[in-house]
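Each remark here refers to the structure printed beneath this line.
No value in this document is a laboratory result; all are computed from the given coordinates. Nothing here was measured: the structure is a model prediction, and the numbers come from that model. Methodologically, a virtual Cβ is constructed for each residue, glycine included, from the backbone with ideal geometry; neighbour enumeration extends over all protein chains shown.
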Amino acid sequence: MRGTDYTDNETPSHPEEFENFRYSQAIYVTKVAMASNLLLTGFKFFAGIVGNSSAMIADAIHSTSDFMTDIAVIAGLKIARKPGDSTHNYGHGKIETLSAAFIGLVLIAVSVGIFWSGLQKVLAFYHGEILPAPSRVALAAAVLSIVIKEWLYRYTMVYARKFRSDALTANAWHHRSDALSSIGTMIGIGGAILLGGRWVVLDPIAAVILSFFIFKVAFEISYKNLNELLEASLDLEAYRTIEEILKSTDGVLGFHELKTRKIGNAVAADVHIEVDRNLNIVDAHEISTHVEDRLKEVCGKNGYFSIHVEPCSDTHYSEYKNK
């Protein structure tokens with residue numbers, strides 16, 4: 001696959017080139033998903049209408065949301081790839097986080113819509129309304145959707161992990177939620193076709209049950225990315241990794257005021273390190289640079305690290321010497 005001027009074996013090592021490569025690949029992956037979603041959504045609507053399946057129509061609406069969020073992800077990634085400027089000194093990476101949060105919120109709205117639509121049909125059925133039985137074309141659409149959407153999930157997740165992209169991860173889970181939705185739709189439609197009669201209610205019941213699974217995934221995506229937009233600290237594992245790097249760096253006698261956050265896919269950290277008070281400014285600066293280099297090796301070359309150097313207190317220095 002060749003979505004940019006680079007192949008996977010030619011991934012650039014320079015931070016700026018890598019970021020351009022990363023965003024180009026992410027956009028290409030999302031365009032593949034968008035084209036697939038457009039075709040699949042059209043077929044689902046056709047199968048749902050012709051096949052008299054409310055679950056399949058709900059599934060088609062879910063796929064429509066996939067298509068819309070693909071557009072949002074592409075737009076977000078194109079903005080996020082812009083370098084820092086006078087108004088955005090740290091770049092535009094937060095747009096990627098915003099895109100991921102948007103996907104989560106759209107999924108929440110989709111889950112509520114599917115729940116309400118299915119519930120109305122279930123209640124109508126128990127009040128005596130006769131529901132049309134779905135046909136085999138709707139069942140075929142559900143099977144096709146499972147295959148395509150699961151492939152899109154795996155395809156997108158490969159690049160989401162490779163490039164540490166929250167927007168691609170959220171979009172991948174959007175594909176997976178559609179695959180899960182289609183599994184439930186297949187069960188509901190299949191049961192309604194095979195059992196017939198009063199069992200046609202399985203079709204809208206499947207839609208109601210699936211809305212809860214979709215809501216769960218949507219809530220997790222929204223919470224994570226909205227939290228990052230509110231400048232949440234890194235998770236405990238990442239925080240402790242940074243602490244270990246600081247503790248194990250030669251010349252660092254102590255540290256405090258460690259603050260962390262994410263800017264798009266980049267890690268940002270501010271910290272005050274303590275060094276031997278007898279060092280000259282050049283040696284102290286070299287220690288600071290070494291700390292920054294080690295952090296970038298572990299956390300990513302596109303990270304933002306502010307290292308403030310302070311002279312170690314006499315008491316602390318004495319304790320360190322006596323260890």
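Annotations for the structure displayed:
- Full extension of the chain between residue 310 and residue 75 yields a length gain of 80.3 nm, computed as 0.36 nm times the residue separation minus the alpha carbon distance.
- In terms of distances greater than 22 angstrom between alpha carbons, the cross-link table entries 259/296; 31/224; 31/262; 94/296 yield 31/224; 31/262.
- Placing one equal scatterer on every Cα of the stretch 236-321 and applying the Debye formula, the log10 ratio I(q)/I(0) at q = 0.14, 0.17, 0.20 Å⁻¹ is -0.46, -0.66, -0.88.
- Theoretical FRET efficiency, 1/(1+(r/R0)^6), r = Cβ-Cβ of residue 35 and residue 143, R0 22 Å, to 0.05: 0.60
- When you count the other C-beta atoms within 10 angstrom of each residue and take the mean per peptide, 167-176, 32-41, 228-237, 185-194 line up highest first as 167-176, 185-194, 32-41, 228-237.
- Under 17 Å from the residue 239 label point (7 Å along Cα→beta-carbon), backbone N, the stretch 249-265: 255-263
- Straightening the chain between residue 261 and residue 154 buys 35.7 nm, computed as 0.36 nm per residue apart minus the Cα-Cα spacing.
- Debye equation applied to the C-alpha atoms of the stretch 109-246, log10 I(q)/I(0) at 0.09, 0.14, 0.17, 0.19 Å⁻¹: -0.39, -0.75, -0.95, -1.08
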